Amino acid sequence: MTSNILQSSTMSIPMKTNARPSFIETRNKSTDSDSTLTKPLLDTKVDTVKSVVTCPCPDDYHDVTGLVHCVVNCTSSKLITMKMQHSNGDVTNLLTAKRGKLFSKTRYIISTCSELLPPIASLKEIESNFVQHTYALEVDNDVAVAYILYVVPKIQCNYFCTRNEPRRAEVALYEDPTHSSSKEGVRTTSTQLHLFQEVCRQRLLGPRRLSVPSDVYSPTVLQSVAPKAKQNGRYGLDFHGRGRSASRRNMQLLVSNKDDDATIVLQMAKWDDKIYHVDFKAPLTPLQAFGWALAQIDLK
């Protein structure tokens, strides 16, 4: 029995490459000279980019999935890209990632699609062994905005040395109180961010689970949906036409600590060789969704 996951539908979403200019690539309309890209303008561009890729998308949800549609392209050996697919077929460049140094804990360095701007985040591997892998998505000054925990089934000692079940995942998200409607939004950003990191680190050192209740602070935690076993021995999930190839990286996640919301908020499905559809909705930001996708790609 393999752990590859495949959906049943094959409906595709139309794409028009570079049909819409990326907001990240927008230049000063008043002049064509590169010399006018002074520091104040660069700071404005940095703030604009960060506000877009680090905030939940307010709209552009597709009718079929109810999610924001993105495509992650890994065909280049040097660069992984993430683009948003709009309902009208336009595509917006969002983020890029470069591989970290060999044997480094920093697995990927994440940047915007503009060469003028510095990296905005990194994906780091905290722990790795035969059955568990942990990643942290960090932004400025090594501040984590997401922790990603994988539980990988043990290898069965048979003739084929296979894993009988698919891997499971938990993702703890930091929600900026200025964008959150929860009661915890009254806390300051620095206080809530500190609590998020402390609680997650304690859980990773203790029960090794992110979805353990806490009286002090309970971050939003996503858990992977258990796929259903089919008669042919494969596992299946319904991606509503967003995937067409079997892969261990095919996965869906939902919010585990909110009883009133059992809908899928994040999914990754293989579309072609080294091309994946990564779809998400609030409370996730594009940066958090891309970080999770990079962890999926890094975990073989």
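Do the alpha carbons of any pairs in Lys78/Lys270; Lys98/Lys230; Lys101/Lys274 sit beyond 28 Å of each other, and which pairs?
On the way: Lys78/Lys270 20 Å; Lys98/Lys230 37 Å; Lys101/Lys274 21 Å.
Result: Lys98/Lys230 exceed 28 Å.
Once you have the Cα-Cα distance between Glu198 and Cys74, take 0.36 nm times their residue separation minus that, and quote the gain in nm to one decimal.
This chain segment gains 41.3 nm when fully extended.
So, R0 is 35 Å and r is the distance between the beta-carbons of Ser128 and Asp215; what FRET efficiency does that work out to, to 0.05? Display every interim value, and only then the final one.
On the way: r = 31 Å, r/R0 = 0.88.
Approximately 0.70, to the nearest 0.05.
Kindly report, to the nearest 10 Å², the accessible surface of Ile126 as traced by a 1.4 Å probe over protein heavy atoms only.
Around 80 Å² of this residue is reachable by solvent.
Quick check: residue separation of Ala246 and Thr191 times 0.36 nm, minus the Cα distance between them. What number comes out in nm? Can you show the working numbers first?
Numbers: separation 55, 0.36 × 55 = 19.80 nm, distance 4.25 nm.
Fully extending the segment from Ala246 to Thr191 adds 15.6 nm.
Simple spin-label model, 7 Å along Cα-to-Cβ: Lys105 to Val64 in nm?
Going from the Lys105 label point to the Val64 one covers 4.2 nm.
So what is the relative contact order of region 223-300, in percent, for Cα pairs below 8 Å that sit 6 or more residues apart? Mind dumping the intermediate values first?
Values: 109 pairs, mean separation 17.8, N = 78.
Reported as a whole number, the value is 23 percent.
The values are calculated or read from the model by the stated rules, or taken from the named source; none is laboratory data. These numbers were taken from a predicted model, which means no experiment stands behind them. Positions of Cβ are backbone-derived with ideal geometry, glycine not excepted, and every protein chain shown enters the neighbour counts. Ligands, DNA and RNA are stripped out before the accessible areas are found, and what is left, the full protein with its side chains, is counted by its heavy atoms. Shrake-Rupley method; radii C 1.70, N 1.55, O 1.52, S 1.80 Å.
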